[in-house]
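Just below is one structure, and these are the notes that go with it.
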Amino acid sequence: MDDPRGLVLVVEDETHIADLERLYLDAAGFGVHVERDGAAGIAAVRRLRPALIVLDVGLPGLDGVEVCRALRAEGDWTPIIFVTARDEEIDRILGIELGADDYVTKPFSPRELVARVKGVLRRHRGPDVSRVIELGAIRLDSARRTAQVDGADVRLTPTEFDLLAELIEHPGRVFTRAQLLSTVWGQADYAGGRTVDVHVAQLRAKLGARSPIRTVHGVGYAADA
């Protein structure tokens, strides 16, 4: 299957970084539009309806976290990859209420960014064949990319959806963080296992008391009925 393409909105105030992102994304076949501040970024999302947003956290005025929060509050779930200057910001930028899909930390390889963009878009667009996965109160529809808990819809990001699907499709099986990074993110390893932990925290918050995800201390995670 060919890698998906589309318009990527880059919201980045540092010109040299924005130019580098534009160069590599364009070479990979994506359309690219650049904005320099948060307010302009939100306006561009509404106007252009991009396939994905590469969003710097440290924007002047309205920062990246506020931009993401504003879009999600409007019901706009365009996939977002955050660009952050410090690892310590990861918990904040992938905050449970925000629903970000991925992040890269400066300095980063532009090739890695392109790989992340492709991966998030593949997960967002999902498979063509309908498949329903159920475990306890959880029901996932792979074609519609929808999730329900006790019959009520729950909005998940593409990454959250694929992580939950991988866990509940194999009830009781214990996955290490490295295994989940490989199967869900398509990477042998990046940023350690912390990104898995953050996404699991997001899932548990959204699923509430009906979350089937169990922590296996010192190993990883499993899903139980």
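The values are calculated or read from the model by the stated rules, or taken from the named source; none is laboratory data. Only a predicted model underlies this, so the values are computations on that prediction, with no experimental measurement involved. FYI the Cβ positions are ideal-geometry reconstructions off the backbone, even for glycines, and counts take in every protein chain you see. Remember, those area values only see protein heavy atoms, side chains included, never the ligands or the DNA or RNA. Shrake-Rupley method; radii C 1.70, N 1.55, O 1.52, S 1.80 Å.
Structure above, values below:
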{"read-out": "Of residues in the stretch 42-78 being more than 24 Å from residue 118 (Cβ to Cβ), under 17 Å from the mean Cα position of the chain (by Cα) and modelled with pLDDT under 90, the one most open to solvent (accessible area, probe 1.4 Å)", "value": "69"}
{"read-out": "Selected residue (criterion: most open to solvent (accessible area, probe 1.4 Å)) from residues of the stretch 29-41 that are closer than 17 Å to residue 80 by Cα and in a loop (DSSP other than H, G, I, E, B)", "value": "36"}
{"read-out": "So residue 143, is it part of a loop (DSSP other than H, G, I, E, B) and within 28 Å of residue 51 (Cβ to Cβ)", "value": "yes"}
{"read-out": "Complete set of residues in the stretch 131-145 that are within 18 Å of residue 223 (Cβ to Cβ) and free of Cβ contacts under 8 Å to residues at least 24 places away in the same chain", "value": "131, 132, 139, 141, 142"}
{"read-out": "Filtered residues of the stretch 152-169 (kept if open to solvent by less than 60 Å² (accessible area, probe 1.4 Å) and either over 14 Å from residue 199 (Cα atoms) or in a strand (DSSP E or B) (or both))", "value": "152, 154, 168"}
{"read-out": "Qualifying residue in the stretch 11-28 (condition: in a strand (DSSP E or B) and at pLDDT 95 or above)", "value": "yes"}
{"read-out": "Among the residues listed as 135, 163, 113, 140, the single one being in contact with a His (Cβ under 7 Å, 6 or more places away or on another chain), at pLDDT 90 or above and of a type outside the set (Gly, Ala, Ser)", "value": "163"}
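Residue-wise test of (1) out of contact with any helix residue (DSSP H, G or I) (no Cβ under 7 Å at 6 or more places or on another chain); (2) of a type in the set (D, E, K, R).
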position: 17; (1), (2): yes, no
position: 20; (1), (2): no, no
position: 26; (1), (2): yes, yes
position: 29; (1), (2): yes, no
position: 35; (1), (2): no, yes
position: 48; (1), (2): yes, no
position: 56; (1), (2): no, yes
